[in-house]
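The values are calculated or read from the model by the stated rules, or taken from the named source; none is laboratory data. What you are looking at is a predicted structure, and each value in this text was computed from that prediction instead of being measured. Note that we place each Cβ from the backbone using ideal geometry, even for glycine, and neighbour counts take in every protein chain shown.
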Amino acid sequence: MQEDTDLVWLLKTYQPFFERFGMERENILSVYNEWNSDENDTPLKYLWTIFEKLLYETYQQVNEPLAKFRILSLILNEMRNYKISFEGDVANDIYKKYLFCQLKLVQLQNNPSIHVTIVAVHCCPYCNALHGTQLPVQEALLLQLLPPDKCTSEAGCNCFYKPEITNYYK
């Protein structure tokens, strides 16, 4: 875990990301001062609070589904990267939500000939057995096979769904 994770580090590392959502430095600082109510509150907890607030606000305020799932994917990817890079933790819980959003984006293309293929990139024996599995997008959304609970990769699952056009003329 990052040792020097103070508010200066948070701003230096994440301000460009937060600016994409209209969050300026002054706003981040003033909300932090209001939020920071006891000695257990840390900039890292505040960072998670911001991430969760961004997810909530996006889900509530963005009505166009394609835009909603693109933005949710962006936030979830940033959360996953943070959890892996700075907390040194497996982020399969966040990755599952990210992959769900990615499947929703494929589904929203409304092309019935699109399916997804599971791609396992030397993840673990369990995941490698899933490699090449093809599913209709709707089925992939219902089953949510990735990341599997049985994944044994210490770094976390790195499998993904690859959208492909079904060839009916084989």
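At-a-glance table
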read-out: Residues within region 99-140 that are closer than 11 Å to residue 161 by Cα, among the aliphatic types (A, V, I, L, M) and surrounded by fewer than 17 Cβ atoms within 10 Å (Cβ to Cβ), tallied; value: 0
read-out: Residue pairs meeting the criteria (Cβ under 8 Å; at least 6 apart or on separate chains; first more than 21 Å from residue 87 (Cβ to Cβ) and modelled with pLDDT of 95 or more, in region 45-61; second surrounded by 14 or more Cβ atoms within 10 Å (Cβ to Cβ) and basic (Lys, Arg)); value: 58/68
read-out: Search result, residues across region 66-87 that are more than 16 Å from residue 47 (Cα to Cα), touching a residue at least 12 places away in the same chain (Cβ under 8 Å) and not hydrophobic (A, V, I, L, M, F, W, C); value: 70, 73
read-out: Residue among 44, 29 that is in contact with a Ser or Thr (Cβ under 8 Å, 6 or more places away or on another chain), in a helix (DSSP H, G or I) and over 20 Å from residue 157 (Cα atoms); value: 44
read-out: Top-ranked residue of region 141-170 - restricted to ones that are touching a Phe, Trp or Tyr at 6+ places or on another chain (Cβ under 8 Å) and free of Cβ contacts under 8 Å to residues at least 40 places away in the same chain, ranked as surrounded by the most Cβ atoms within 10 Å (Cβ to Cβ); value: 148
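Every residue, every condition in (1) modelled with pLDDT under 95; (2) not β-branched (Val, Ile, Thr), yes or no:
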site: 105; (1), (2): no, yes
site: 112; (1), (2): yes, yes
site: 115; (1), (2): yes, yes
site: 121; (1), (2): yes, no
site: 126; (1), (2): no, yes
site: 131; (1), (2): no, yes
site: 142; (1), (2): no, yes
site: 148; (1), (2): no, yes
site: 153; (1), (2): yes, yes
